[in-house]
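Asks: Structure in structure tokens, see below.
Rule-based calculations on the coordinates, nothing more; no lab input. Predicted model only: the values in this text are computed from it and were never measured. Cβ placement follows ideal geometry from the backbone for every residue including glycine, while neighbour counts extend to all protein chains displayed.
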Amino acid sequence: MMSFHRSVPGLAPLLTAVLLALTFLSGAVRAEPVRVDTVEVELVAEQTAVVPGQVLRLGLSIRHDPEWHTYWRNPGESGLPTQFPIQAPAGFEVGDVQWPFPTRVLIPPLANFGYEDDVLLMRAVTVPEEVAGETVRFETLAQWLVCREVCVPGEAALTLELPVSASAGPSAEAPLFAAADRRLPAAAAPVPATVHDGALMLRLPAGIVGPAVERLEYFPYTVGATQAAADQRLIALADGGWRLEVDVPPGGDPLATGEAGGVEPGGEVGRQVVDTARDPLQAPRPVPDRVHAGHDGE
């Protein structure tokens, strides 16, 4: 059986043009997600293109196998924070990592601060007013420690290439950035605090967390500032505010170094960074209306 083929004049250039157009519309040119042991990682962008003079957000997407976790900026009582320095062309300014709030991962007798399931760690990149070339290539060597009963270090070289354009739309990964934004802390708010009887006591006005909260957890930015595995005691005060008591290591005084951290409510009432300021007049009070003490997830 014979087959016949007849060429159509002008078809090849037309197909080439269509393929080039589809390549441009698809936006990012990147490698597939990289699987390393029990995690899958990928370098992603919030937008489809690099726009001169604007800010572009890049993110390290981490997908964990069930029961495995990586670490927050303060890993708690063991572990190491994830790192992903961004390599960009000259003139691009890469910001610090934006860390979503962690969960407290209990591995008795220790407790760690980290992430399970999926997480996106973000960095804002300021693009210069003039960008040479038609595309921009970003690279990172991501490094992490992933743990369950045992810990396994991992790393992956990741790349992301974006076209340069006068405008850009949301990428396919934009929903990941929106979800991560909902887990970021709000702007820092000063709160009075003191250390008494081995505990850091944070005085939280009602306006910071609202009256409906039933659980709070404090995640310090400084390693070793608190006892990560200890219960945190939330006490409702008569004026509508709250006192959160967090055990510190023996002889510890996190206020001596101007400790800051994040308050994570147990509900949809907003997350908050707090800058602690020593309050020598804030004496401990008798237990009033109610007390909540619990681990993450309760």
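Asks: Which residues' amide hydrogens lie under 5 Å from the amide hydrogen of ASP118, considering only partners 5 or more residues apart or on another chain, with H built in the peptide plane?
Replies: Result for ASP118 returns HIS64.
Asks: I've got another one for you. Once the piece of chain linking ALA238 and ASP96 is laid out straight, how much longer is it, given 0.36 nm per residue of separation minus the C-alpha distance between them? The partial results should precede the final answer.
Replies: On the way: separation 142, 0.36 × 142 = 51.12 nm, distance 3.98 nm.
Full extension of this stretch gives 47.1 nm more.
Asks: Tell me, what HN-Hα J-couplings in whole Hz come from the Karplus equation 6.51 cos²θ - 1.76 cosθ + 1.60 at θ = phi - 60° for each residue of the stretch 241-250, using x for Gly and Pro?
Replies: Here the 3J(HN,Hα) series is x, 9, 10, 10, 10, 10, 5, 10, x, x Hz.
Asks: Can you list residues from other chains, or at least 5 along the same chain, whose modelled amide H is less than 5 Å from the amide H of GLN54?
Replies: Placed amide hydrogens put VAL127 under 5 Å from GLN54.
Asks: For the stretch 123-222, run through the trypsin sites (Lys or Arg not before Pro) and keep only the ones in DSSP coil with at most 14 other Cβ atoms within 10 Å of their Cβ.
Replies: Values: sites: ARG123, ARG137, ARG148, ARG182, ARG183, ARG203, ARG215; in loops: ARG148, ARG182, ARG183, ARG215.
Counting only loop positions with at most 14 other Cβ atoms within 10 Å, the trypsin sites (Lys or Arg not before Pro) in the stretch 123-222 are ARG182.
Asks: Could you run the Karplus curve 6.51 cos²θ - 1.76 cosθ + 1.60 with θ = phi - 60° over the stretch 188-197 and give me ³J(HN,Hα) per residue in whole Hz, x for Gly and Pro?
Replies: Using θ = phi - 60°, the values come out as 5, 10, x, 9, x, 8, 8, 10, 8, 6 Hz.
Asks: Per residue of the stretch 40-49, in order, report the coupling 6.51 cos²θ - 1.76 cosθ + 1.60 (Karplus, θ = phi - 60°) as ³J(HN,Hα) in whole Hz, putting x for Gly and Pro.
Replies: Using θ = phi - 60°, the values come out as 10, 10, 7, 8, 10, 10, 6, 10, 7, 8 Hz.
Asks: One-quarter of the Cα convex hull surface for the stretch 25-154, in nm²? Present the calculation step by step, with values, prior to reporting the outcome.
Replies: Details: hull surface 32.9 nm².
Projected area, direction-averaged: 8.2 nm².
Asks: Taking H placed 1.01 Å from N in the peptide plane, check which residues at least 5 places from VAL146 or on another chain put their amide H under 5 Å from its amide H.
Replies: VAL152, GLY154
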